[in-house]
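A.B. asks: There's a structure below that I have some questions on.
The values are calculated or read from the model by the stated rules, or taken from the named source; none is laboratory data. Since this is a predicted model, take the numbers as computed values, not measurements. No Cβ is skipped: glycine too gets one built from the backbone with ideal geometry, and neighbour counts run over all protein chains shown. Note: areas computed on protein heavy atoms with side chains; ligands, DNA, RNA excluded. Shrake-Rupley method; radii C 1.70, N 1.55, O 1.52, S 1.80 Å.
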Amino acid sequence: KGFQIRKSACPYEGENYMKPSENAAKISPPVKFYLEKIQELCRKEGCGLLLLSVPSPKNWNVEKHNGTAQCAQELGIPFLDLNCMTEELGIDWQKDSYDGGDHLNLSGAQKVTDYLGKYLRESYHFRGNYSEETQRRWAAGLKKYQEAVRLA
């Protein structure tokens with residue numbers, strides 16, 4: 001489903017990328033326009049929308065957090081920024097990134113996935129009436145993931 005399993009680690013060596021600041025990055029008009037379109041489509045289809053940022057010190061900072069949080073609040077969209085929760089997640093930048101803080105490796109991704117799964121279960125209601133075909137595809141994906149983790 002888009003994740004490449006990498007167990008190797010290349011640490012993030014930078015400073016605290018989420019050091020508090022009042023500055024906010026500006027959300028560009030095209031980004032806000034398409035976010036509103038996505039929000040409209042979600043309303044039309046009867047599904048929820050959650051903005052999510054996963055830990056990535058190479059691509060994120062507190063100014064981006066502040067700008068995104070302001071935009072989300074204006075539009076009434078919940079925003080979960082896991083960059084603000086790396087201690088709670090147990091992220092260890094010496095062990096949980098495979099490319100110096102750009103992406104999480106398997107260890108970091110498992111920490112994020114565990115937290116996000118719990119958050120979604122506690123915050124949202126999911127219907128359990130998935131087609132047999134959908135269930136089969138997810139089961140096949142799980143088996144493929146488990147085999148890849150074992151071999152990695």
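A.B. asks: How do 44-57, 24-37 rank on mean C-beta neighbours within 10 Å, highest first?
C.D. replies: 44-57, 24-37
A.B. asks: Next up: Tally up the carbon and sulfur contribution to the accessible surface of segment 14-152 as a whole percent, 1.4 Å probe, everything protein left in place.
C.D. replies: Numbers: 5060 of 9580 Å².
Ligands and nucleic acids excluded, carbon and sulfur give 53 percent.
A.B. asks: Separate question: With percent of Cα pairs over 18 Å apart defined as stated, name the option among (i) 57; (ii) 62; (iii) 67 computed from the structure displayed.
C.D. replies: Identified label for the calculated read-out: (iii).
A.B. asks: Another one. Give, rounded to the nearest 20 debye, the magnitude of the charge dipole that segment 1-113 has about its Cα centre when Lys and Arg contribute +1 at Cβ and Asp and Glu contribute -1 at Cβ.
C.D. replies: The calculated dipole for segment 1-113 is roughly 420 debye.
A.B. asks: Using a probe radius of 1.4 Å on heavy atoms only, what accessible surface per residue do you get for segment 1-77? Whole Å² is fine. Let's see the in-between values first.
C.D. replies: Numbers: 5480 Å² over 77 residues.
Computed with neighbouring chains in place, this is 71 Å² per residue.
A.B. asks: While we're on this one: For the chain, what is the mean residue ellipticity at 222 nm derived from helices alone (per DSSP H run of n ≥ 4: -39500 (n - 2.57); sum divided by total residues; nearest 500 deg cm²/dmol)?
C.D. replies: That calculation yields -15500 deg cm²/dmol at 222 nm.
A.B. asks: Treating cross-link reach as a plain straight distance, find the aspartates and glutamates whose alpha-carbon is under 15 Å from the alpha-carbon of Lys1, omitting any fewer than eight places away in the same chain.
C.D. replies: Straight-distance partners of Lys1: Glu147.
A.B. asks: For the pairs Lys118/Lys143; Lys44/Lys143; Lys26/Lys58, note any where the Cα-Cα span goes beyond 24 Å.
C.D. replies: Working: Lys118/Lys143 21 Å; Lys44/Lys143 34 Å; Lys26/Lys58 18 Å.
Pairs exceeding the cut-off: Lys44/Lys143.
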